[in-house]
Amino acid sequence: MPVPDGYGRKRPLTAILTPSCCRNFERKEEAVSRFRRLSHTLWHCQYHVVWVPKYRFRILTGSVKEAAEAGVQAICGYAGCEVMELNVQPDHVHLVLMIPPKVSISDLLGRVKGQTSMKLFHQFRYLKKKPYWGNHFWAKGYCVDTVGLDADMIRKYVRYQEKKEQQLEQLQLCD
């Protein structure tokens with residue numbers, strides 16, 4: 001990232017910083033790399049979601065499991081979400097995904113559960129014939145939790161950010 005060096009020339013930031021600051025800069029660049037970008041947003045919205053089939057039946061095995069996995073991957077990809085982990089167990093689904101801030105988690109899960117339900121009923125017609133299914137493959141609701149940075153780490157970052165930037169400015173003035 002080129003920056004002015006005080007003489008009107010643009011030089012890489014690492015050329016201006018001292019070696020000890022370069023290590024901190026590299027660590028900061030590594031930390032930023034886990035973030036995603038939109039046109040005006042830098043984001044890292046990661047969620048862990050769990051949901052179950054209706055009556056928690058152990059139905060997600062074999063080809064039904066594979067179809068559910070493929071459906072979840074496709075719908076999340078179409079919505080601009082990145083599936084980090086997907087684990088389909090016989091009686092529940094675990095999903096860890098990155099969701100852009102413009103996508104609502106409730107809208108996404110409604111779409112995932114609704115479209116996979118329709119796909120599974122269409123692909124495996126014997127599921128629809130069971131009298132207890134009705135038109136619903138998945139149980140109502142889901143469990144969602146954010147997966148993020150440690151709260152203490154964020155507090156320390158906020159607390160010491162100004163101090164670090166002042167040190168960086170001092171180093172730039174000394175050059």
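The values are calculated or read from the model by the stated rules, or taken from the named source; none is laboratory data. These numbers were taken from a predicted model, which means no experiment stands behind them. Cβ placement follows ideal geometry from the backbone for every residue including glycine, while neighbour counts extend to all protein chains displayed.
Residues checked against (1) under 20 Å from L38 (Cβ atoms); (2) within 14 Å of the chain's Cα centre (by Cα); (3) surrounded by 17 or more Cβ atoms within 10 Å (Cβ to Cβ):
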residue	(1), (2), (3)
Q73	no, yes, no
G80	yes, yes, no
V83	yes, yes, no
V88	no, no, yes
P100	yes, yes, no
L108	yes, yes, yes
K113	no, no, yes
Q123	no, no, no
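Is the range 73-80 home to any residue that is within 29 Å of H40 (Cα to Cα) and touching a strand residue (DSSP E or B) at 6+ places or on another chain (Cβ under 7 Å)? Yes: the range 73-80 contains one or more residues that are within 29 Å of H40 (Cα to Cα) and touching a strand residue (DSSP E or B) at 6+ places or on another chain (Cβ under 7 Å). What do you reckon, is D150 under 17 Å from the mean Cα position of the chain (by Cα), farther than 27 Å from R58 by Cα, surrounded by fewer than 15 Cβ atoms within 10 Å (Cβ to Cβ) and modelled with pLDDT under 95? Yes, satisfied. Whenever a residue of the range 38-61 is closer than 22 Å to V144 by Cβ, its partners that are acidic (D, E), lying with C-beta atoms within less than 6 angstrom and at least six residues away or across chains, give the pairs H48/D145; R56/D91.
If we scan the range 90-98, do we find a residue that is surrounded by fewer than 16 Cβ atoms within 10 Å (Cβ to Cβ) and either touching a Phe, Trp or Tyr at 6+ places or on another chain (Cβ under 8 Å) or not assigned by TED's automatic domain parsing to the domain that holds Q115 (or both)? Checked against the condition, which is being surrounded by fewer than 16 Cβ atoms within 10 Å (Cβ to Cβ) and either touching a Phe, Trp or Tyr at 6+ places or on another chain (Cβ under 8 Å) or not assigned by TED's automatic domain parsing to the domain that holds Q115 (or both), the range 90-98 yields at least one hit.
Within the range 99-133, the set of residues being touching a residue at least 24 places away in the same chain (Cβ under 8 Å) and over 16 Å from A74 (Cβ atoms) comprises P100, P101, K102, I105, F124, L127, Y132, W133.
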